[in-house]
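Here the structure comes first, spelled out in structure tokens, and everything after it is commentary.
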Amino acid sequence: MKPPNLLLALSDAPRALTDAIFLKIATPLLRKLPPTQRPQSVMVIPGFLGDDRGNRPLVEFLQYLGHTAVGWGQGRNMGTQSFDEGGLRKSMASLIAAGNGKITLVGHSLGGIYAREIARSEPDSIEQVITLGSPFGRGRQNASHANRLYQRLNPQPDERGNEDTLATPPPVPTTAIYTKADGVVNWRTSVQAGSNHHVHNIEVLGSHIGLNVNAAVWYWIAKKLG
């Protein structure tokens, strides 16, 4: 599977700015969504090279709706070998204790892969997983423009899951939000297979980089959280 074409790749960052501008226009409408009747604990995990600052607007929006929402607290996401997995699980444990005994994980790109694998290993602690442009599908290794940089920063192979395992949805309700205009990863690797009623795919318009500041994405996350 090939990565996105050059036009999509070069335009992804400028289109992310457009996503952010449109979000500012749409935010007053999004804030008219009714407050949640079922508050949840939510952790938002950034994508490759992202951090909690980039996800702060989304976290604050979820807090506005009544959820207990936080970032991952691990600094910049440089890859699977550069973050403290024990520290992440400790942060999750405090959220789980503060909520209803479970936590929802929202992950942008690489962060969504983390979320799915945590849910696979600890399904009893996870309410649901929502991924934003996460390349978990088969062929992912050759389907991303970020793969070369990722491999340079993470030269050791990741033994936490093979391609078939990563492509299999975890045993919790899982929603994959993706855009066919993705300029970083081939959008086909961000779509879940299977007909299980817990497995959902939602297409939105927008860039890969800007999925965490995409008005449609915010709407669907709010709807999924309830």
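All of the numbers you see were taken from the coordinates with simple rules; none came from a lab. No experiment lies behind these values; they were computed from the predicted model shown. Using ideal geometry, Cβ is built from the backbone for each residue, glycine included, and neighbour counts are taken over all protein chains shown.
For residue 1 and residue 148 in the same chain, what is the full-extension length gain: residue separation times 0.36 nm, less their Cα-Cα distance, in nm?
Full-extension gain reported as 51.4 nm.
For region 109-226, what Kirkwood radius comes out of the mean inverse Cα-Cα distance, in Å?
One decimal place: 14.5 Å for the Kirkwood radius.
How large is the convex hull of the C-alpha atoms of the chain per residue, in Å³?
Measuring per residue, one finds 109 Å³ for the Cα hull of the chain.
So what's the projected area for region 43-175, the Cα convex hull averaged over all directions, in nm²?
Computed as one quarter of the Cα hull surface, the answer is 7.6 nm².
Divide the volume of the convex hull of the Cα atoms of region 16-85 by its number of residues and quote the answer in cubic angstrom per residue.
Once divided by residue count, the hull of region 16-85 is 85 Å³.
Under a Cβ-only charge scheme (Lys and Arg +1, Asp and Glu -1), can you give me the dipole magnitude of the chain about the Cα centre, in debye to the nearest 20?
460 debye
Restricting to bridges with both residues inside the chain, how much of the DSSP beta-bridge set is antiparallel, in percent to the nearest 5?
5 percent
Longer than 32 Å from Cα to Cα, which of 180/224; 32/102; 180/223; 90/224; 24/90; 90/223 are they? Say none if no pair is.
Where the Cα-Cα span goes over 32 Å, the pairs concerned are 24/90.
Which residue, 187, 26, 49, has the largest displacement toward the positive end of the dipole of the chain when charges sit on each Cβ (Lys, Arg +1; Asp, Glu -1)?
The listed residue farthest towards the positive side: 26.
Which of 96, 103 has the fewest other C-beta atoms within 10 Å, and how do the rest follow up to the most?
Neighbour counts put them in this order, fewest first: 96, 103.
What's the center-to-center distance, using Cα atoms, between region 87-105 and region 160-182 in Å?
21 Å
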